[in-house]
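To keep things clear, I will list the structure first and then write my remarks on it.
The values are calculated or read from the model by the stated rules, or taken from the named source; none is laboratory data. No experiment lies behind these values; they were computed from the predicted model shown. Ideal geometry is used to build each Cβ from the backbone, glycine not excepted, and the neighbour counts take in all protein chains shown. When the accessible area is computed, the model is the full protein with side chains, heavy atoms only, and any ligands, DNA or RNA have been set aside. Shrake-Rupley method; radii C 1.70, N 1.55, O 1.52, S 1.80 Å.
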Amino acid sequence: APRRVLDMGCGSAILGMAAQRIWPAAKVIAVDNDPVAVRTSAINRRLNNIAPAAMHLALSDGFGSRYVRQSTPFDVIFANILARQLIRMAPDLCRYSRRHAWLILSGILNEQVVAVRNMYQAKKIRCWQQIRIGDWTTLVMRPASFGAMPYLWRGRCQMS
């Protein structure tokens with residue numbers, strides 16, 4: 001189980017709350033650069049009976065907050081934000097993730113997925129699965145240093 005989970009660009013914090021429920025022992029941090037999103041996340045956390053100590057919230061532009069940087073490295077990072085921001089944040093998302101981390105990148109329009117995937121692959125992050133639903137794609141990625149993909153996963157990252 002992961003020890004540290006980040007919900008980057010949390011919006012309503014749905015991914016952070018799900019992570020806290022699945023991995024209750026993990027330190028979960030939900031971050032957004034929009035104060036309204038952080039307030040909404042706090043309301044949702046309370047409505048879902050999740051203690052502030054179980055899921056921390058932070059107002060931060062990416063890893064700009066000292067609290068977020070001091071909470072690194074992360075075992076799982078969810079980033080449900082637009083492609084341009086995912087590309088811009090690639091160096092930091094890679095730098096602040098563990099060697100065995102999972103990066104789940106979503107909010108990517110199908111026609112933008114190649115640019116996002118290529119940026120992360122240039123940072124030695126390997127695509128393990130690409131999930132396409134309607135006009136949107138999610139990339140499930142891991143550092144290349146983690147090792148070879150199991151046979152089960154091979155071929156699941158199609159080139160668009």
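Is it the case that Ile133 is over 20 Å from Ser97 (Cα atoms) and either out of contact with any Cys (no Cβ under 6 Å at 6 or more places or on another chain) or surrounded by 13 or more Cβ atoms within 10 Å (Cβ to Cβ) (or both)? Yes; evaluated as a whole, the condition is true for this residue. Which is touching a helix residue (DSSP H, G or I) at 6+ places or on another chain (Cβ under 8 Å), farther than 21 Å from Pro2 by Cα, free of Cβ contacts under 8 Å to residues at least 60 places away in the same chain and open to solvent by less than 50 Å² (accessible area, probe 1.4 Å), of Ser65, Ser41? Just one listed residue meets the conditions, Ser41. The number of residues in the stretch 17-42 that are among the aliphatic types (A, V, I, L, M) and not in a helix (DSSP H, G or I) comes to 6. Of the helices (runs of 4 or more DSSP H) that lie entirely inside the stretch 43-159, those containing 3 or more residues that are aliphatic (A, V, I, L, M) and modelled with pLDDT of 95 or more span 83-95, 113-122.
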